[in-house]
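First comes the structure, then the notes that go with it.
The values are calculated or read from the model by the stated rules, or taken from the named source; none is laboratory data. As the structure is a prediction and not an experimental result, all values here were calculated from the model. With ideal geometry, Cβ positions are generated from the backbone for all residues, glycine too; neighbour counts draw on all protein chains shown.
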Amino acid sequence: MATNCLLRYNNFTPSTNNSLEATNRVIKDEHTFRERHPLSRFFIIANDIVHRWSKSRNQKQADPIIYSTEPTITLQEWTNAYHFAKSSKSALQISSKRKGFTDYYMPAGKAQNVTTNEIHIYKMKKWTSLDQFKDFQFSIWRVTLSDNATEWKSGLCNCPSFFKEYICKHIMGMAIRLKFCKPPPSAKDIPLGEKRNRGRPRKATKVLLIQ
């Protein structure tokens, strides 16, 4: 790693940039019109961008943009979570630093078990290179769930899916194991180990009746 390179990583915090990418398109199509501007002019444009962005989320507007207070869960995610909950992967339960929460450590990849020693090494965070950082961060998943079963959707995880979607199969799978929630019956249609086909599920066909 270069000596002048600074890496920052806020663990267990969603780091999606979907909103920023969407705004990037608006900047080009409605503000700068894909033209280069002097810095002084761009400051004026940037102020207008922020002003419009803020007003569009004002609840007093006729048609405001509503913030989501909890993640949207698809049928595919329910299926993945159900398969994870029924898998043989073990999870070690350890008291969380956060009052009223519990941490659950589980192995990533094809591994089925995780040891307390591996968790200790993971917590030490003694990496000295980006490669070591990747090896540590993608070897163990840590799920933090509230002890209040009704708040399982506010759980945290350090896997890439959580960073992007604010929810993942690990959070949902542990919630299923702990009986904090139940997957919909349609999530159990796919045999364990298989993946759901893309697209809308097929409609049930009529049964062949023979008289």
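Limited to region 47-62, what total is found for residues that are among the basic types (K, R), modelled with pLDDT of 75 or more and either surrounded by 10 or more Cβ atoms within 10 Å (Cβ to Cβ) or assigned to a helix (DSSP H, G or I) (or both)?
Of the residues in region 47-62, the ones among the basic types (K, R) are 52, 55, 57, 60.
Checking the rest, the ones that are also modelled with pLDDT of 75 or more come to 52, 55, 60.
Next, only the ones that are either surrounded by 10 or more Cβ atoms within 10 Å (Cβ to Cβ) or assigned to a helix (DSSP H, G or I) (or both) stay: 52, 55.
Result for region 47-62: 2.
Six or more apart or on different chains, Cβ atoms under 7 Å: show the pairs whose first residue is in region 36-50 and on the phi > 0 side of the Ramachandran plot and whose second is surrounded by 10 or more Cβ atoms within 10 Å (Cβ to Cβ).
none
Look through region 91-101, keep the residues that are at negative phi, in a loop (DSSP other than H, G, I, E, B) and in contact (Cβ under 8 Å) with a residue 40 or more places away in the chain, and return whichever of them is surrounded by the most Cβ atoms within 10 Å (Cβ to Cβ). So that I can check it myself, show each step before the final result.
First pass over region 91-101, keeping only residues at negative phi: 91-99, 101.
Filter once more, so that each one left must be in a loop (DSSP other than H, G, I, E, B): 91, 96-99.
So of that shortlist, the ones also in contact (Cβ under 8 Å) with a residue 40 or more places away in the chain come out as 91, 96, 98.
Working: A91: 20, S96: 17, R98: 11.
The selected residue is A91.
At positive phi and among the hydroxyl-bearing types (S, T, Y): which single residue out of Y166, Y104 fits that description?
Working: Y104 fails: at positive phi.
It is Y166.
From the set of residues in region 104-148 that are of a type in the set (A, V, I, L, M, F, W, C) and in a helix (DSSP H, G or I), which is nearest to I94 (Cα to Cα)? Steps first, please.
Filtering region 104-148 for residues of a type in the set (A, V, I, L, M, F, W, C) gives 106, 108, 111, 114, 119, 121, 124, 127, 130, 133, 136, 138, 140-141, 143, 145.
Okay, now just the ones that are also in a helix (DSSP H, G or I), so 119, 121, 124, 130, 133, 136.
On the way: I119: 10, I121: 15, M124: 16, L130: 27, F133: 23, F136: 19 Å.
So the residue we want is I119.
On the given criteria, is Y82 touching a residue at least 24 places away in the same chain (Cβ under 8 Å) and either over 14 Å from the mean Cα position of the chain (by Cα) or more than 29 Å from I176 (Cα to Cα) (or both)?
Numbers: touching a residue at least 24 places away in the same chain (Cβ under 8 Å): yes; either over 14 Å from the mean Cα position of the chain (by Cα) or more than 29 Å from I176 (Cα to Cα) (or both): yes.
Answer is yes for this residue.
Against the definition (exposed (fewer than 12 other Cβ atoms within 10 Å of the Cβ) and farther than 20 Å from D147 by Cα), how does S88 come out, yes or no?
Details: exposed (fewer than 12 other Cβ atoms within 10 Å of the Cβ): yes; farther than 20 Å from D147 by Cα: yes.
Yes; evaluated as a whole, the condition is true for this residue.
Give the residues of region 63-85 that are surrounded by 20 or more Cβ atoms within 10 Å (Cβ to Cβ) and part of a loop (DSSP other than H, G, I, E, B), sorted by residue number.
Result: no residue meets the conditions.
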